[in-house]
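Notes follow once the structure below has been shown.
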Amino acid sequence: MSLEKIEIIKEISFNDLCARLQEVRLRGFPDVKIYEKARVTIKKVSPEDVIQKVFTPQPTVYQDHLDRIDLMRRLFRDQGIDIYNLNGGYDYVATDSEGNETEWTIIPPVVEIIPINPCRPGLDYSEFLGEELKRLMREQGHNLNPELNSLSFPEYPISRTFIPQVCDGSHRIHSAIINNSHQNILLIENVTEGFPYYAVPQPYSVVRVIPTRDETDKISEKIHVLTDPAHKLLYRVFSTGGLKTGDVRSTTRNFI
C-alpha cells in the first residue's frame with residue numbers, strides 16, 4: 001500500500017511543539033519526563049554539518065523508507081509545506097491506496113545533545129547513571145554493555161564534552177543529505193540527568209543505505225548502553241516523522 005494523499009488537520013506552533021516534547025517519557029521509566037526541563041531550539045544544518053559533526057545510534061538506513069520520504073515530501077509540497085524546513089509541526093491524516101486513513105504528526109528531526117566525549121578510549125557511562133536507574137539495575141541484574149570499554153572514535157581528534165546524536169527522523173535527515181538540502185532539526189539540550197541515551201553514538205560518516213529492513217532478520221548495528229533484556233529501557237517513547245514512527249492515536253493527543 002502506498003500513500004495517496006494527506007490532509008492537514010492542525011498546524012503546531014513551536015511553543016506547542018515544545019509543550020508536547022515535555023511530555024516525552026522513557027520506555028522503562030514511564031514517570032520520567034526526559035525533556036521536561038530541556039532547552040529546545042531549531043537549527044538549520046547542511047549535509048556537510050551532519051556528516052562531519054552529528055552522531056547516530058543506528059548507522060543503517062533503508063532505501064524503501066527513503067522512497068516513502070520522497071513521496072511524502074511531494075505530497076506536503078503540494079500543500080505548500082517543505083518538510084526540510086519545518087519550524088513547528090503538523091497533525092495530518094494520511095490516506096493510502098486502499099482508502100485507509102491514519103492520523104500522524106510530523107515535526108523536524110530530533111537531535112539530542114549528550115554528554116559524551118567521543119575522543120577518549122572507551123565510553124564510560126557509569127558516571128551518567130542516576131540513582132533510580134542504578135537501583136533498577138541492581139534489583140533486576142542489568143549491566144552496562146561490556147563493548148563500551150573498547151570503543152573509540154579516532155576520526156574525531158578535537159576533544160568535545162557534548163555531542164549531537166540523532167534521536168528521531170534519521171531517514172529525513174538522510175533524505176536531505178541525498179538531495180543536498182539544508183534541513184531544520186530540533187536540537188534538545190539539558191535532558192533529564194541520570195538516564196543516558198540508549199545507544200552508543202556512532203559517527204554519521206559510517207551510515208550506509210541498504211534496500212529494506214528484513215523483518216525476519218532485523219539488521220541492527222546499534223550498540224546498546226545496557227545489555228539485553230534492559231537494552232530498551234532508555235528508549236525515548238515518542239512518535240514523530242510521519243513515516244510509521246508518527247502514529248498519533250486519539251487517546252494520546254498530548255504526545256507527538
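On the given criteria, is Val111 under 26 Å from Phe128 (Cβ atoms) and in contact with a Pro (Cβ under 7 Å, 6 or more places away or on another chain)?
It is true that Val111 is under 26 Å from Phe128 (Cβ atoms) and in contact with a Pro (Cβ under 7 Å, 6 or more places away or on another chain).
Scan the range 165-204 residue by residue and report those that are among the hydroxyl-bearing types (Ser, Thr, Tyr) and closer than 26 Å to Leu144 by Cα.
Ser170, Thr192, Tyr197, Tyr198, Tyr204
Any chance you could count how many residues in the range 36-62 are surrounded by 14 or more Cβ atoms within 10 Å (Cβ to Cβ), among the polar types (S, T, N, Q) and under 16 Å from Ala176 (Cα atoms)?
The qualifying residues number 3.
How many residues does the range 11-42 contain that are over 30 Å from Pro229 (Cβ atoms) and in contact with a helix residue (DSSP H, G or I) (Cβ under 9 Å, 6 or more places away or on another chain)?
Looking only at that region, the number is 3.
Pairs, please: C-beta under 6 Å, at least 6 apart or cross-chain, first residue over 23 Å from Ile223 (Cβ atoms) and in the range 178-202, second outside any strand (DSSP E or B) and aromatic (Phe, Trp, Tyr)?
These pairs meet every condition: Ser181/Tyr84; Gln183/Tyr84.
Just one of the numbered conditions (1) modelled with pLDDT of 90 or more; (2) loosely packed, with under 13 Cβ neighbours inside 10 Å is not true of Pro154; which one?
(1)
Run Ile163 past the list (1) modelled with pLDDT of 90 or more; (2) touching a Pro at 6+ places or on another chain (Cβ under 7 Å) and report the number of the one that doesn't hold.
Of everything listed in (1) modelled with pLDDT of 90 or more; (2) touching a Pro at 6+ places or on another chain (Cβ under 7 Å), Ile163 misses just condition (1).
Could you check the range 30-58 and list, in sequence order, the residues that are of a type in the set (Asp, Glu) and under 17 Å from Val191 (Cβ atoms)?
Those that are of a type in the set (Asp, Glu) and under 17 Å from Val191 (Cβ atoms): Asp31, Glu36.
Do any strands (runs of 3 or more DSSP E) lying entirely in the range 87-147 carry at least 3 residues that are surrounded by 15 or more Cβ atoms within 10 Å (Cβ to Cβ), among the β-branched types (Val, Ile, Thr) and on the phi < 0 side of the Ramachandran plot, and which ones are they?
101-106, 110-114
The values are calculated or read from the model by the stated rules, or taken from the named source; none is laboratory data. Being a predicted model, the structure only gives us computed values, none of them experimental. Every residue, glycine among them, receives a Cβ derived from its backbone with ideal geometry; neighbour counts consider all protein chains shown.
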